[in-house]
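S.K.: Please read through the structure below; I'll follow up with questions.
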Protein chains: 2
Amino acid sequence: MSISTSLEIPERILLGPGPSMVHPRVLRAMGQPVLGHLDPQFLALMSEIQRQLRSVFETKNEMTIPVSGTGSAAMECALSNFIEPGDSVIICVNGYFGTRMCDMAARYGASVRRLDRRWGDVFSFDEIEAELHQGGPAKLVALVHAETSTGALQPIEGLSEIVHRYGAFLLIDCVTSLGGVPVKVDEWDVDIAYSGTQKCLGAPPGLGPVTVGPRALEVLRNRKVPVGNWYLDLTLLDRYWGDARTYHHTAPISMNYALYEALQIVREEGLEARFARHRRHAEMLWQGLEEMDLAMHVPLKHRLPMLTTVRIPEGINDAALRARLLKEYNIEIAGGFGELVGKIWRMGLMGYSSRPENVTLLLGALKDLLSR
Amino acid sequence: MSISTSLEIPERILLGPGPSMVHPRVLRAMGQPVLGHLDPQFLALMSEIQRQLRSVFETKNEMTIPVSGTGSAAMECALSNFIEPGDSVIICVNGYFGTRMCDMAARYGASVRRLDRRWGDVFSFDEIEAELHQGGPAKLVALVHAETSTGALQPIEGLSEIVHRYGAFLLIDCVTSLGGVPVKVDEWDVDIAYSGTQKCLGAPPGLGPVTVGPRALEVLRNRKVPVGNWYLDLTLLDRYWGDARTYHHTAPISMNYALYEALQIVREEGLEARFARHRRHAEMLWQGLEEMDLAMHVPLKHRLPMLTTVRIPEGINDAALRARLLKEYNIEIAGGFGELVGKIWRMGLMGYSSRPENVTLLLGALKDLLSR
């Protein structure tokens, strides 16, 4: 094992929909030596990660763990554990990630009742209640809190009262929202929520935090058939993350170091200060973009602070501009997808990427490239 | 974001069944800045990882990728993509990981035909042929190449000819074998093989290499129903890892850096030299253990070089000895599980852990603790 040159990666300015930039402390944490997945030191770290995750989800839910995959694995975990073949589920689709939930739910045998909205809109509680009322009982209602494909923030507070009244439970996707805007799992009475590490939590992609409340836990414990997915089976994962510490799979140790350190940084900053920072830099960005006569895709009322969607001006080549932004300025932003491909850019200011210098640089670079 | 103390992890001497120790170059690679999952530089890195994985699997299979989960996710990927409800599959169980395959296969609707052997034994080709002959057609025959729970190496070479003659295909678990003993996917005509990164490849846990040959690919492309698992659906993953580069999920970027660097180290050392190193240090260990009158659980003929199973002497408290080994010598080894709990220790010399100083230290520490 000779001494040799190691991998060298350029430091990009990541201002797309994720992954976001990672604090040097988090990068250093990943370089710590690997522990065994049953080492007492690693078990203590797991407990601390769970405590901090409960804090960012604002919940007391005992079952709050990072699953060993990216945000999409967390989505699949949240769906597969609570769906049994034939279950009726309502999925609200106003962007790409809603369609993904429909795809996954169907694979686990759900009968999917899909509500559709224009990409960029949000759902009213009335239309969700109408579906519950007219369409018959449903096991769960699923929504995306922060739609990464459109930039819209779905209101959640108050919805659980309606959903629970009809005997369903409430599942929300917080992949992009967690750590950037309030996600009050207990206060909002959300039954299942999940996220990813690579957005506003400021860790690299690789883990998917999931939290499960008492109602959903009851449903999980009373399943008639085993969970359709072994790797993401919460009844098995609970024995590793819970008191029994029974081996399930080998946890991605280094990714857990990264999440631990990222959550320490969240704690040191404080949730309220972190939300205010995301908001402040988003407003800087919006003002600068509007001064350049660029139009926002989502009205202010429902606009995400961590992910801004801007309409691409007439006559501008989407891919060419993004390629030049990357090549000349080392900045990554993203285009739209699905029905928004070629129509919007997605600009993220998430976690460690949400810094004033990044806003100023992005605005300056865009001004230069759009004027040529 | 203040300057604060970072996570400090003790450097353990990992001589259990995995994770194994990680070369400092690999740890440093993980500390490199995060790239976007569609960044041209990351796409180039992905292609290089695929090339190097083909090299360690000794295959030309185009579909050779690391799935974004640990070895168990690779196992689930290998099973879920090729099983449709009602398929008859033969699973050979001579240890814990065989039972896990049965559990997973059943969740995807397979009709599981389980062949059992004492934990520590291996299967003869005759008994597998007998099952194919008498039990009727099967879609696949699955075996564990290196059983991490028992320390036995299952012969594979020559088996595919039999399996293919009966119209089935051959699936092997190489989680512990890959990078430590030959895994000749093309020469042995294996249809599906998978592994993990945290054993003999010498990277941290977090990715699961999978390779799929032309016969299995044909079966995958002609499925009647979608793959039961979205996150591990190879038909979708192929569009991201293949030429289309279509977004599926956000790859765990830093883990891919680690795997890239670990594979560079494998390439620099050379496969043959690496196998010889694993063998040499295993023999050192066996000799030392035998000199201490300890008995091996697996006969020499089928004994794994990277994972040695030793019978615990009468009168020794398994858990207490391992706790002292960790506390006093900073060494991790593991106990048995399933029917071998309390009966064996599992001592791994995998990847970067397979070094002469580790053997000498482990033998010295055991001699001390067993003599007290």
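No value in this document is a laboratory result; all are computed from the given coordinates. Please read these numbers as outputs of a predicted model, since none were measured by experiment. Neighbour counts are summed over all protein chains in view; Cβ atoms, including those assigned to glycine, are modelled from backbone coordinates with ideal geometry.
S.K.: Compute the normalised compactness of region A:113-188: alpha-carbon radius of gyration over 2.2 N^0.38 Å, N being the residue count.
M.R.: Cα-based Rg divided by the globular estimate yields 1.08.
S.K.: How far is the Cα center of region A:55-113 from the Cα center of region A:118-187, in Å?
M.R.: Here the answer is 12 Å between Cα centres.
S.K.: Just A:Gly208, A:Gly120, A:Gly338 to compare: in a GNM of chain A, with alpha carbon springs under 10 Å, which one fluctuates most?
M.R.: A:Gly338
S.K.: To continue, here is another question. Using only the Cα atoms, what convex hull volume per residue in Å³ does the protein assembly as shown have? Could the numbers behind the result be given before it?
M.R.: Values: hull volume 110.7 nm³, N = 744.
So the per-residue Cα hull volume is 149 Å³.
S.K.: Can you give the convex hull volume per residue for the Cα atoms of region B:24-267, as a whole number of Å³? Working shown, then result.
M.R.: Numbers: hull volume 26.2 nm³, N = 244.
Expressed per residue, the convex hull around the Cα atoms of region B:24-267 is 107 Å³.
S.K.: Then there is this: What percent antiparallel are the DSSP beta bridges of the protein assembly as shown, to the nearest 5?
M.R.: On the way: 37 of 79 bridges.
Bridges in the protein assembly as shown are about 45 percent antiparallel.
S.K.: Which order do B:His278, A:His164, B:His133 fall in if you start with the one that has the fewest other Cβ atoms within 10 Å? Walk me through the numbers before you get to the answer.
M.R.: Values: B:His278 23, A:His164 15, B:His133 12.
Lowest count first: B:His133, A:His164, B:His278.
S.K.: A follow-up question, please. Would you mind listing the distances between the A:Arg221 label point and the same position in each other copy? Use 7 Å along Cα-to-C-beta, nm, one decimal, shortest first.
M.R.: Between copies, matching label points for A:Arg221 lie 4.9 nm apart.
S.K.: So what's the back-of-envelope 222 nm ellipticity for the protein assembly as shown, counting only DSSP H runs of four-plus at -39500 (n - 2.57) apiece and dividing by all residues, rounded to 500?
M.R.: Working: 24 runs with 292 residues, N = 744.
Per the formula, -12000 deg cm²/dmol.
S.K.: Using a Gaussian network model of chain B whose springs link C-alpha atoms within less than 10 Å, name the residue from B:Tyr329, B:Tyr352, B:Tyr257 with the highest mean-square fluctuation.
M.R.: B:Tyr329
S.K.: On to the next question. Charges only on Cβ, +1 for Lys and Arg, -1 for Asp and Glu: so what's the dipole of region A:281-352 about the Cα centre, in debye to the nearest 20? Could you put the intermediate results ahead of the total?
M.R.: On the way: 8 positive and 9 negative charges, 43 e Å.
So the dipole magnitude of region A:281-352 works out to roughly 200 debye.
S.K.: Can you tell me, using C-alpha contacts under 8 Å and at least 6 residues apart, the relative contact order of chain A as a whole percent? Provide the component values of the computation, followed by the final result.
M.R.: Values: 722 pairs, mean separation 93.0, N = 372.
The value is 25 percent.
S.K.: Which listed residue (B:Pro313, A:Thr211, A:Ala282) has the Cα farthest towards the positive end of the charge dipole for the protein assembly as shown, taking +1 on Lys and Arg C-beta and -1 on Asp and Glu C-beta about the Cα centre?
M.R.: A:Ala282
S.K.: Looking at region A:230-268, which trypsin sites (Lys or Arg not before Pro) are DSSP coil and have at most 16 other C-beta atoms within 10 Å of their C-beta? Please report the intermediate quantities before stating the final value.
M.R.: Values: sites: A:Arg239, A:Arg245, A:Arg267; in loops: A:Arg245.
Answer by residue number: A:Arg245.
S.K.: Just check region B:84-218 against the gyration tensor rule for me: Cα atoms, a ≥ b ≥ c as the square roots of the eigenvalues, rounded for a/c under 1.5, and otherwise prolate or oblate depending on whether a/b exceeds b/c.
M.R.: Details: a/c = 1.43, a/b = 1.37, b/c = 1.05.
Rounded is the answer for region B:84-218, as its axis ratio a/c remains below 1.5.
S.K.: Further question: Taking the radius of gyration and the Kirkwood hydrodynamic radius from Cα positions alone, what is the Rg/Rh ratio for region B:177-248, to two decimal places?
M.R.: 1.00
S.K.: Something else now. Dipole magnitude of region B:1-53 about its Cα centre, charges +1 at Lys/Arg Cβ and -1 at Asp/Glu Cβ only, in debye to the nearest 20?
M.R.: Values: 4 positive and 4 negative charges, 27 e Å.
Dipole size: approximately 140 debye.
S.K.: Listing B:His302, B:His297 from the residue with the fewest other Cβ atoms within 10 Å to the one with the most, what is the order? Provide the component values of the computation, followed by the final result.
M.R.: Details: B:His302 16, B:His297 21.
So the ranking, lowest neighbour count to highest, is B:His302, B:His297.
S.K.: If the chain between B:Arg324 and B:Glu339 were fully stretched, how many nm would it gain, using 0.36 nm times the residue separation less the Cα-Cα distance?
M.R.: Details: separation 15, 0.36 × 15 = 5.40 nm, distance 2.39 nm.
In short, 3.0 nm is gained.
S.K.: Taking N as the number of residues in region B:219-323, what is its alpha-carbon radius of gyration divided by 2.2 N^0.38 Å? Intermediate results must be reported in sequence, preceding the final value.
M.R.: Details: Rg = 22.1 Å, N = 105, 2.2 N^0.38 = 12.9 Å.
Relative to the rule-of-thumb radius for its length, region B:219-323 sits at 1.71.
S.K.: For region A:271-371, state the semi-axes of the equivalent ellipsoid (square roots of 5 times the eigenvalues of the alpha-carbon gyration tensor), sorted largest first and rounded to whole angstrom. Spell out each step's value before the answer.
M.R.: Details: eigenvalues 91, 49, 31 Å².
So the three semi-axes of region A:271-371 are 21, 16, 12 Å.
S.K.: To continue, here is another question. Counting alpha carbon pairs within less than 8 Å and at least 6 residues apart, what relative contact order, in whole percent, applies to region A:271-371? Walk me through the numbers before you get to the answer.
M.R.: Working: 111 pairs, mean separation 32.0, N = 101.
Computed value for region A:271-371: 32 percent relative contact order.
S.K.: Among A:Gly336, A:Pro17, B:Leu237, which residue has its Cα positioned farthest towards the positive end of the charge dipole of the protein assembly as shown, with +1 placed on the Cβ of Lys and Arg, -1 on the Cβ of Asp and Glu, and the dipole taken about the Cα centre?
M.R.: A:Pro17
S.K.: Which residues in region B:208-251 have a backbone N closer than 15 Å to a point placed 7 Å from the Cα of A:Asp103 along the Cα-to-Cβ line?
M.R.: Residues B:226-242, B:244-251 qualify, since their backbone N sits under 15 Å from the label point.
S.K.: What ranking do A:Arg221, B:Arg25, B:Arg346 get, fewest neighbouring Cβ atoms within 10 angstrom at the top?
M.R.: On the way: A:Arg221 10, B:Arg25 21, B:Arg346 24.
Ranked by crowding around the Cβ, least crowded first: A:Arg221, B:Arg25, B:Arg346.
S.K.: Rank A:Val175, A:Val227, A:Val341 by mean-square fluctuation in a GNM of chain A with C-alpha springs under 10 angstrom and give only the top-ranked residue.
M.R.: Of A:Val175, A:Val227, A:Val341, the most mobile in the Gaussian network model is A:Val341.
S.K.: Using 7 Å Cα-to-Cβ label points, what is the B:Lys367/B:Arg279 separation (nm, one decimal)?
M.R.: 2.7
S.K.: Further question: If you put a point 7 Å past Cα along the Cβ direction, how far is that point for A:Ser124 from the same point in each other copy, in nm, smallest first?
M.R.: The projected label point of A:Ser124 is separated from its counterparts by 7.6 nm.
S.K.: Take the alpha carbon atoms of region B:1-52, find their center, do the same for region B:216-274, and report the distance between the two centers in whole angstrom.
M.R.: The distance from the Cα centre of region B:1-52 to that of region B:216-274 comes to 17 Å.
S.K.: Residues in region B:224-251, backbone N under 15 Å from the label point at B:Asp186 (7 Å along the Cα-to-beta-carbon vector): list them, ranges by number please.
M.R.: In region B:224-251, the label zone of B:Asp186 (backbone N under 15 Å from the point 7 Å along Cα→Cβ) covers no residue.
S.K.: In chain B, what % of DSSP beta bridges are antiparallel (nearest 5)?
M.R.: If we restrict to bridges inside chain B, about 50 percent are antiparallel.
S.K.: To the nearest 20 Debye, how big is the dipole of chain B about its Cα centre, given +1 on the beta carbon of each Lys and Arg and -1 on that of each Asp and Glu? Mind dumping the intermediate values first?
M.R.: Working: 38 positive and 43 negative charges, 94 e Å.
With Lys and Arg at +1 and Asp and Glu at -1, about 460 debye.
S.K.: For B:Ser371, place a label point 7 Å from Cα along the Cα-to-Cβ direction in every copy; what are the distances to the other copies, in nm, shortest first?
M.R.: Nearest first, the other copies' label points are 8.1 nm away.
S.K.: Local charge sum around B:Val227 (other residues, Cβ-Cβ under 10 Å, Lys/Arg +1, Asp/Glu -1)? Spell out each step's value before the answer.
M.R.: Working: positive: A:Arg107, B:Arg223; negative: B:Glu84, B:Asp233.
Overall, the nearby charge balance is 0.
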